[in-house]
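Structure record follows, encoded as structure tokens.
Nothing in this text is a laboratory measurement; each read-out follows from the coordinates by a stated rule. Keep in mind that what you see is a predicted model, and the values were worked out from it rather than measured.
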Amino acid sequence: MKIALLGYGKMGKAIEQIALSVGHTVVLKSDDGTYTQDDLKKADVAIEFSTPATAVINIKNCVDAQVPVVVGTTAWYDQFEEVSDYVQSNNGGLFTATNFSIGVNLFWKITSEASKLLNAYDEYEPSIDEIHHTQKLDAPSGTAITTAETLLNQFSRKNKWVHHENGIGSISNELELSVRSFREENVPGTHKVKFDSEIDTIEITHTAHSRKGFASGALKAAEFMVQKTGVYNMTNLLNV
Ligand SMILES: NC(=O)c1ccc[n+]([C@@H]2O[C@H](COP(=O)([O-])OP(=O)(O)OC[C@H]3O[C@@H](n4cnc5c(N)ncnc54)[C@H](O)[C@@H]3O)[C@@H](O)[C@H]2O)c1
């Protein structure tokens, strides 16, 4: 498979390492968006891990070049509907995931089941914590937002999430779900769902030990997307 890497930072490099080790070729590496349509067209698939401000233009460039694109960048999802319409009306291919690791997708499934169960026990107050490395541009993480949405779907005692940066602040009414973000050196990504009562705490934690899980998941998605059109996500790839 011939791959275009749009974004050659921590994730782009981790993906390249695994891709080369399993016999794929990297035909384009762009770390500033200055590639041409002809450069893109050499690839079977593009993998986009850049910045929240540059993801959408990279996706549209791939659609225009008719190269399916796998997107890991987070914090552009307020534009998802418009982008998805653009992909579909121009016969493009798009795969998105706020987290490509199989473990996190299982963690979401467990969160969903636990939320359904705990909703019936008023004494438990849910909250979400996320910890990432200090270079991360967005907060809360895309994974934390998906975790919050997963919980809210099953938990009728809460109806919206609110962000508390560095854990500072608290909910202003009982319908709010607190999502706390923390930044620490060298943390690839830790997410915790807590159900807290006066008597005890039930916690579900996912701790990424490295970026390998994200990178190999993104590569699997890229293999899945070769010659595909349409809009896909992890539910199309995993049986979870
Ligand atoms: N979905 C997942 O599983 C997952 C996992 C890890 C990180 N992420 C997300 O992926 C994104 C990248 O993460 P990272 O850790 O590699 O960040 P990073 O800062 O190490 O790398 C991003 C790179 O994008 C480059 N860039 C800037 N403008 C660009 C453009 N127009 N076109 C192409 N590249 C451009 C930057 O120079 C930088 O090197 C972030 O949004 C992060 O939250 C997602």
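Worth a mention:
- Computed from the C-alpha gyration tensor, the three semi-axes of the ellipsoid equivalent to the range 109-238 are 28, 19, 13 Å, from longest to shortest.
- Helix-derived mean residue ellipticity, 222 nm - over the chain, DSSP H n ≥ 4, -39500 (n - 2.57), to 500: -11000 deg cm²/dmol
- Projected onto planes of every orientation and averaged, the convex hull of the alpha-carbon atoms in the chain covers 13.1 nm².
- Lysines whose Cα lies under 20 Å from that of LYS41, excluding same-chain neighbours fewer than 8 positions away: LYS2, LYS29, LYS60, LYS228
- Global form of the range 1-103, assessed from the alpha-carbon gyration tensor, a/c cut-off 1.5: oblate
- Convex hull volume per residue for the range 56-137, taking Cα atoms only, in Å³: 143
- Evaluated over the range 102-207, the count of Lys pairs having alpha-carbon atoms less than 22 Å apart is 13 (only pairs 8 or more residues apart or interchain).
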